[in-house]
Each structure stands twice: as C-alpha cells, then as structure tokens.
Amino acid sequence: MFVNQGNGTFKEEAASRGLDLVDSSGVGAFSDYDRDGWLDVYVQTNMLKANESNGGQRDHLFRNNGNGTFTDTSDAAGLLAPNLAHSTTWWDYNNDGWPDIYVANDFEPADFLYRNNQDGTFTNVIHEVVPGMAYSTMGADLGDVNHDGLIDFFVADMATTTHEKDQRGMASSRELSREDADSSTLAPQKLRNVLFLNTGLGSMQEAGILAGIDATDWTWSTRFEDFDNDVYLDLHVTNGMNREYQNADLRDRIILAESPSVRLRTMKESPRLNEANLAYRNRGDLSFEEVGAAWGLDKVGVSFGATMGDLDGDGDLDLVHANYGEGVTVLHNDIDTGHRVQVGLRGTDSNRFGVGARVRIRTATGIQVRDLVVERGYLSSSEPVLHFGIYSADTVISLSVRWPSGITQTFRDLAVDRFYVVREQRQEEENAGPISVSLPTFRDLSGDLGLTLASREGAFREHTRQPLVPTRFDRLGPALAVGDRNGDGREDMVLGGTAQTPARHHRRLREGLRFRFAGATHRARHAQ
C-alpha cells in the first residue's frame with residue numbers, strides 16, 4: 001500500500017497498516033460496507049496453486065479501523081467460500097442503502113452475491129435473486145440500462161459473436177455445464193453474457209439476449225457509460241486472450257501429446273487469440289447496436305482492464321485500456337453532441353469522495369441514477385466522478401445525493417455543461433436514518449386458489465448427447481391449456497404431462513376463482 005507523503009513521493013506501508021496480504025490477489029475493491037465513514041476494502045483472489053486448491057482461494061474483507069489501519073474481518077463477516085474470481089463489484093442490488101458484493105467466478109464455483117445484512121455480516125443470496133448466471137464469468141459492471149431509476153448489472157462470459165468461433169471453441173465446453181442446471185433451487189449457469197434488470201423488489205430479470213449483448217467474444221472488461229451524451233448508457237468491452245485455450249483442435253493435440261514438455265510446447269506455440277474490442281450504443285428501448293468501428297473503438301488484439309475519465313476536461317468521457325504484449329491505448333472522445341453534467345463528491349460524515357453514494361438527476365429528458373462505485377469492469381478503477389449525458393436538456397431541474405451516511409441533499413435549477421462538486425452537509429444523527437424499501441407489488445395466492453402444483457421432470461444431460469446444440473431443450477416444463485372442458489361455462493385448466501408426471505385436469509369451482517384437482521389423464525398428453 002503506497003501512501004502519498006504529500007511531497008511528490010510515496011511510501012509502502014502495507015505491513016504497518018494490516019494489508020500485507022500474500023495471496024493470488026487480483027484487485028482491492030473499496031467501499032464503506034458498515035457505513036461508519038471510513039473506506040473498507042475487499043481483496044479479491046483467484047487460483048494460486050491448482051494442485052493444492054483447484055477451487056481457488058478465499059477472498060479477504062478488511063475493515064478500516066478509522067486510524068489508518070485495517071483488520072481482516074472475513075471470518076466474522078461470513079465470507080468463507082473459496083472462489084476463482086475475475087471481478088468484484090460493490091452493488092446495492094436491493095436498494096437499501098447498504099453496499100452488497102457481486103463476485104464473478106470463473107467456471108468452477110457459481111458467482112456469489114453477498115447481501116449486506118447491515119450488522120457487519122454477509123449472506124450469499126445469488127440463487128434467490130437471479131434466474132441464471134454466466135458460466136465462465138469475467139468482468140462485470142453496473143448502471144441503469146433501461147432508464148427506470150434502478151441499477152442493473154451486466155456480467156460477461158466468453159460467448160462468441162460468430163457461429164464458426166462458437167463451434168470451434170465453446171461447443172465442447174457446454175458439456176461441462178454444472179449439474180445446477182437441473183436443480184429446482186439453484187440458478188443455472190449459462191455459457192453467455194447475462195444482463196440483470198433490477199425489478200426493485202430484491203430480484204432480477206435476465207435480458208442479455210433480448211438486449212443483443214449476450215455474446216461479445218472472449219470479454220474481459222465491461223463498462224457502462226454514456227459516450228455520446230444521449231441520456232442512455234452505452235457499453236464498451238475489451239476482448240482477446242494470449243492463447244485460444246478453448247480451441248477444440250488445440251485441446252486434442254495437447255491431450256494426445258507424448259509428454260508434459262510436448263504439451264507445454266504445443267500450448268506455447270499456439271497463436272494468440274486476437275479479437276476486436278466492441279462498443280454497443282444503447283438505442284433507448286432495451287436494445288443495443290454494435291458501433292465499435294464507427295466510434296473508433298474496434299482495436300484488434302488482446303485487451304484486458306479499462307478505465308474511463310475526462311482526461312482533457314471537456315466534459316466527455318475518454319477511455320484507457322491495457323493490452324497484452326504492448327503499451328496501453330489512450331482514446332480521446334471526439335463526440336461533440338449533447339449537453340452533459342459531471343458530479344464530484346466531498347464527504348464529511350461519509351468517506352471523503354462519497355464512494356457508495358447515489359446521485360439522481362432530473363431533466364426534461366427524464367430521470368437518471370448513478371451509484372459511485374470505484375472498482376468496475378475487470379481489475380480496474382476509475383476516477384470518483386459521475387458523468388451524466390443529458391442530450392438536449394438545457395437545465396437540470398433537480399440533483400439529489402444520497403450519501404452513505406443516509407443524509408440526502410437536493411439542489412434545483414442547475415446549469416448544464418458544468419462540473420459540480422457537492423460537499424456533504426452535516427446533520428444530526430437522527431435525521432440520517434435507514435432508507436425505506438418499497439413493499440412487494442405481488443402476493444403468492446397459489447395455495448388460496450388450489451393451484452399449488454408440481455411436476456417431476458426426467459432430467460438428462462442433453463449437452464452430453466448433443467454437444468453442438470446451443471440451447472437446452474430438456475427443461476421446458478409442462479405446457480398449460482385453459483378452456484371450458486366440461487361445458488359448465490367456466491374455464492378449466494389442463495397441466496401437460498412430463499416423462500414422470502401424467503397430464504392433470506383441474507376443474508374450476510362454482511364459488512370464486514378456485515380450482516380442484518379432477519384427476520390425471522393420459523389422453524391429454526397432446527397438451528405437452
């Protein structure tokens with residue numbers, strides 16, 4: 001840990017501050033997880049020695065003691081599981097004002113979503129919150145993609161952009177998908193990118209294919225930013241790898257090699273996987289179009305981490321990304337359309353730069369929301385500044401800041417094309433209470449209606465039998481048919497059969513909207 005001495009020099013002080021961890025560390029993700037005004041740090045790890053722990057290493061959470069030192073609180077916080085993490089992102093997924101943690105794991109363990117329990121502990125709730133997740137998870141990022149005021153989340157895999165590359169490299173990997181795919185309680189892993197749309201109810205919908213960003217090649221960094229200042233968050237991804245390790249022909253040659261030295265030489269002599277970086281413009285209707293070449297962001301090679309910032313102070317976001325085997329790439333944003341506003345924060349009761357704060361602005365083009373999260377994408381951090389593109393709006397109607405301390409400040413009628421620095425106003429502690437969470441909109445009435453139904457499936461490993469099939473068809477579940485089956489003027493219901501459960505007839509009762517099981521029938525198998 002290099003501490004700035006204030007005279008142009010730095011001094012390494014990790015040992016004296018409790019941060020001299022020796023492990024396969026990837027990144028330190030800072031956030032004030034206990035909301036005491038001091039930045040804590042989550043140190044993400046990956047595999048260190050495959051022969052000793054092929055499931056990876058444990059991550060470490062260090063609590064800031066408020067005096068310049070840190071204490072490892074991983075055990076007390078409940079962060080015990082090993083992982084093969086590529087990225088770690090602080091994401092308040094349930095909008096309660098307490099930062100949660102998304103850990104993106106490569107193939108072996110499923111991803112983790114650690115819910116902040118507000119008492120210094122965390123609980124992994126990934127299977128209760130998301131409908132599915134990426135399999136070989138890489139970089140991740142957050143932002144309000146569909147402009148509904150809720151923070152969404154995007155996680156990248158290695159899904160290819162062409163059929164040829166898919167069959168060459170990923171088809172055989174689909175055989176390795178986890179048995180979780182056949183579980184009724186565990187969210188399945190998919191060999192593609194996933195886009196989690198926040199419902200505001202503590203659960204996510206997945207819309208990667210719908211948005212057209214489910215396959216972006218061997219992706220590392222993912223970043224949501226409004227590059228063209230049109231209000232909507234665009235997406236930039238970096239791609240490539242030093243070797244195409246998933247290439248089926250290369251894997252066969254390695255397996256058939258006569259000795260370990262031949263295997264190693266075969267791998268080292270294989271060509272680099274050079275791929276173009278991609279950029280996707282958000283159309284504003286939950287769909288994206290690829291504009292990498294048009295925007296000058298289609299560099300071909302192997303690129304890893306990426307960071308954003310206004311390098312020349314003109315109000316647009318510039319981009320810097322790292323490259324394998326060559327220097328960094330610095331890209332100046334030449335887009336000169338649309339108004340913008342940038343916001344920097346200075347905390348008093350909260351941490352100095354307001355990391356973890358939520359900023360909401362309202363203009364004639366609608367409401368935009370940003371969370372100030374420093375570590376994003378893949379092993380990268382950006383400056384603690386929030387950028388808003390507001391297109392044709394000529395006034396910021398309101399700008400509000402919800403600080404990690406719980407204090408909220410609101411400003412009105414602000415000029416556009418400005419950089420605003422907001423200083424947290426101190427308030428009495430009783431005015432900074434917890435943030436309220438909306439009650440659920442729906443209630444489960446299955447039991448009241450007599451529709452607590454279950455069907456048993458005869459699961460089988462379809463990918464083992466048909467490794468080239470890109471989508472599984474063995475988990476469709478029973479069909480549902482509704483109609484007046486007995487001619488009494490009320491609609492009945494037939495639940496289609498499966499390999500292990502016959503079709504069933506549920507008759508609508510005379511009183512109210514209730515059903516009663518009326519027997520199984522094998523004649524209704526056409527309902528499948």
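Scanning the range 275-314 for residues that are acidic (D, E), part of a strand (DSSP E or B) and open to solvent by 20 Å² or more (accessible area, probe 1.4 Å) turns up E289, E290. Residues in the range 366-406 that are of a type outside the set (S, T, Y), under 16 Å from W90 (Cα atoms), open to solvent by less than 30 Å² (accessible area, probe 1.4 Å) and in a loop (DSSP other than H, G, I, E, B): L372, V373, W403, P404.
Residues that are part of a strand (DSSP E or B) and either closer than 18 Å to D34 by Cβ or open to solvent by less than 20 Å² (accessible area, probe 1.4 Å) (or both) within the range 332-364 comprise V341, Q342, V343, G344, L345, R358, V359, I361, T363, listed in sequence order.
In summary, E430 fulfils each of the numbered conditions (1) in a loop (DSSP other than H, G, I, E, B); (2) under 30 Å from V41 (Cα atoms); (3) modelled with pLDDT under 90 with the single exception of condition (1). All told, L256 falls short of being of a type in the set (A, V, I, L, M) and crowded, with 16+ Cβ neighbours inside 10 Å. Reported count of residues in the range 315-331, each being among the small types (G, A, S), surrounded by 12 or more Cβ atoms within 10 Å (Cβ to Cβ), at negative phi and more than 23 Å from the chain's Cα centre (by Cα), is 0. Which of the residues belonging to the range 1-42 are free of Cβ contacts under 8 Å to residues at least 40 places away in the same chain and charged (D, E, K, R)? K11, E12, E13, D20, D23, D36, D40, listed by residue number.
For the range 218-244, filtering for residues that are in a loop (DSSP other than H, G, I, E, B), open to solvent by 10 Å² or more (accessible area, probe 1.4 Å) and acidic (D, E) leaves 3. Report yes if some residue within the range 355-371 is closer than 26 Å to G28 by Cβ and hydroxyl-bearing (S, T, Y); otherwise report no. No, that holds for no residue.
Among the residues of the range 446-486, those identified as modelled with pLDDT under 80, of a type in the set (V, I, T) and in a loop (DSSP other than H, G, I, E, B) are V469, T471. Exactly one residue out of T185, T199 is at pLDDT 95 or above and not aromatic (F, W, Y), and it is T199.
The values are calculated or read from the model by the stated rules, or taken from the named source; none is laboratory data. Predicted model, so just to flag it, every value in this text is computed and none were measured. Neighbour counts run over all protein chains shown; Cβ positions are idealised from the backbone, glycine included. Keep in mind that these areas ignore ligands, DNA and RNA; they rest on the heavy atoms of the full protein, side chains included. Shrake-Rupley method; radii C 1.70, N 1.55, O 1.52, S 1.80 Å.
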